[in-house]
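These notes concern the structure reproduced below.
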Amino acid sequence: MRTRWPWISMLLSIIILVSPIGTEILHDAFFSGEQLSRSIAQPIALIGFAGLISICIVEWLVRSIISKRRARGATV
């Protein structure tokens, strides 16, 4: 592992957001003309964003811990 950047979860997030279901949820949550549709879809979209961001943070933390252990060496 050469970088601590969470590229796996970032790639997964982009794929989810660009998929037809992701774009439909984004459209319903922020660009819909109906207030009822926006008020239903906004919490769903925000929870999804929070989940994707937390996955990225967890991957970054795991990569940081692994890189620190590798830098420290194999101590028994």
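The values are calculated or read from the model by the stated rules, or taken from the named source; none is laboratory data. Here the structure is a predicted model, which means the values were calculated and not measured. Here the Cβ is made from the backbone with ideal geometry for all residues, glycine too, and neighbour counts use every protein chain on show. In case anyone asks, the SASA skips ligands and DNA or RNA and just uses the protein heavy atoms, side chains included. Shrake-Rupley method; radii C 1.70, N 1.55, O 1.52, S 1.80 Å.
Hey, among L61, L46, which residue is at pLDDT 95 or above and open to solvent by 70 Å² or more (accessible area, probe 1.4 Å)?
The unique qualifying residue is L46.
Give, as residue ranges, the helices (runs of 4 or more DSSP H) completely inside the chain that count at least 3 residues that are in contact with a Pro (Cβ under 9 Å, 6 or more places away or on another chain) and touching a residue at least 40 places away in the same chain (Cβ under 8 Å).
35-72
Please state which one of I14, I66 is β-branched (V, I, T) and modelled with pLDDT of 90 or more.
Testing whether each residue is β-branched (V, I, T) and modelled with pLDDT of 90 or more leaves just I14.
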